[in-house]
Amino acid sequence: MPENRRPSRPAAGRSSGGSAGKSTGKPSGKPTGKPAGKPTGKPTGRGKPDTRSGGKPDTRSGGRPESRSGGKSDARSGGKPAGRSGGRPDTRGKPSSRRDEAPRRAPRDAESRTREQALYDGPELPENITGAELDRAISSQLKGLPEKLASRVARHLAAAGIMIDDDPETAYQHTLAARARAPRLAVVREAAGEAAYAAGHYAEALADLRAAKRMNGATAYIPIMADCHRALGHPDQAVKLAKSPSVAGFPADAKAEMTIVEAGARRDMGQLDAALRTLELAPLMSKSRESWVVRLRYAYADTLAAAGRDSDALTWFHRTVAIDADNLTDAPARAEELEQRLSP
C-alpha cells in the first residue's frame, strides 16, 4: 500500500465532536451501545380461567360438570384430577422428559475466562491519569454511567489518548477495557475503532466505527472506514464510501483526507489516470499551510511518480516541501531522488 495511504486521525472525528486519538483522551481532542431490545412477548394468559364458554362450567351432561373419567370432575373446573387411564393424573403442560428441556450451555474453559478477564481489566492504569484529561464533550457522554464505572472508563480513554501515537497497541487495549464496560456508548466505540486503526487492526476498526456510526449517525468516520476497506483488500468499497452524499458537506480537511483515500483506492485497482483526476479536483494550490494541504500535494506528487511522470512529480514534491514546515512527509528525500534520476 502507498506510504501515505492512511488518513490523519484528527480529520476523522470532528462532526461528532471527536477523533481517534482525541476521543480516546487528549485534552485538545473532540469526541467522537444499542440498548437491548425490550421483551416483545405478550402474556399468554396461562393460568387464567378459560372464558370461551362465558366462564361457566360445561353442562353438556344435564347441568353437571362433565367428567372425563366416570363422572369425576375435571381438575380444571375445581374437582379432583381426572385420570385419563387408570387414574393417573393429567400431566399436560409439564415437561415430559429431559429431552424436551433446553440444552444447557457448555461451560467456558478456564483459559477463555482468564482471557476475557484480562481484556476487561485492561493494561495497568498510571496513577497520574485521573480521567480529567478528557475533553469536556467526551466526559459529558459518560455521565449516564454509574459514577465509579464512568471514572474507570474515563481513565482508560484518557490513557489511550495519551499513548495512541507512541504505543498504539497499548492504547487499543485501553479502549478495549473501556468498551468491555460501556459497549453502548458511541464515544467509546469510536475510540476503540480509531485506536484499532492506529494499531493496524483494520477489521476491528471497521466494526467499531460502523457501530459508532449506527449509534450517533456521524459521518466523520467515513475516511478511516474507507481506508480500512483498502487495507483489507476491498478498494471498491473504499471508492463507494468516497461517493457518499455526506462527503460533499465535509470541511476542507476531512474532504482532503477522503480524496487521498479515494485516489489510493483507485491506484490499488490499477486506475492511475482516475487517481490523478481525483486529486486534480482537490484544492492542490490552496494557500493554506495546514497539514491536509501538505498531504494532498504529497499524494499528488507520489501518484505522478507512480505514473512515470517524473518531471511533474519533482515539481509537486518541491511544492510539498515549501509548506511542510513540520516535516510530515519525506518529500525532501523523494525530490532529491528524482533530481538524481533526471540529472544528465
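Derivation of every value follows stated rules applied to the coordinates shown; laboratory data play no part. The structure presented is a predicted model; accordingly, all values stated were derived computationally and were not measured. Here Cβ is always computed from backbone atoms with ideal geometry, including for glycine, and neighbour counts include all displayed protein chains.
In debye, nearest 20, what is the charge dipole magnitude of the range 173-215 about its Cα centre with +1 on Lys and Arg Cβ and -1 on Asp and Glu Cβ, if you could check?
For the range 173-215, the charge dipole is close to 240 debye.
Hey, fewest Cβ within 10 Å first, where do Leu279, Leu149 land in order?
Leu149, Leu279
Count neighbours as other Cβ atoms within 10 Å of each site's Cβ, and list the trypsin sites (Lys or Arg not before Pro) in the range 244-331 that are DSSP loop with at most 10 such neighbours.
Lys287
At a 10 Å Cβ-Cβ cut-off, how would you order Ile164, Ile323, fewest neighbours first? Walk me through the intermediate numbers first.
Numbers: Ile164 29, Ile323 18.
With the sparsest Cβ surroundings first, the list reads Ile323, Ile164.
Are there any trypsin sites (Lys or Arg not before Pro) in the range 140-183 that are in a DSSP loop and have at most 11 other Cβ atoms within 10 Å? List them by number.
Hits after loop and neighbour filter: Lys143.
Rank these for me by crowding, Thr175, Thr219, Thr320, going from fewest to most other beta carbons within 10 Å.
With the sparsest Cβ surroundings first, the list reads Thr219, Thr320, Thr175.
Among the listed pairs Lys143/Lys240; Lys213/Lys287; Lys143/Lys255; Lys143/Lys213; Lys213/Lys243, which have their C-alpha atoms separated by more than 27 angstrom in this model?
Long pairs (Cα-Cα over 27 Å): Lys143/Lys240; Lys213/Lys287; Lys143/Lys255.
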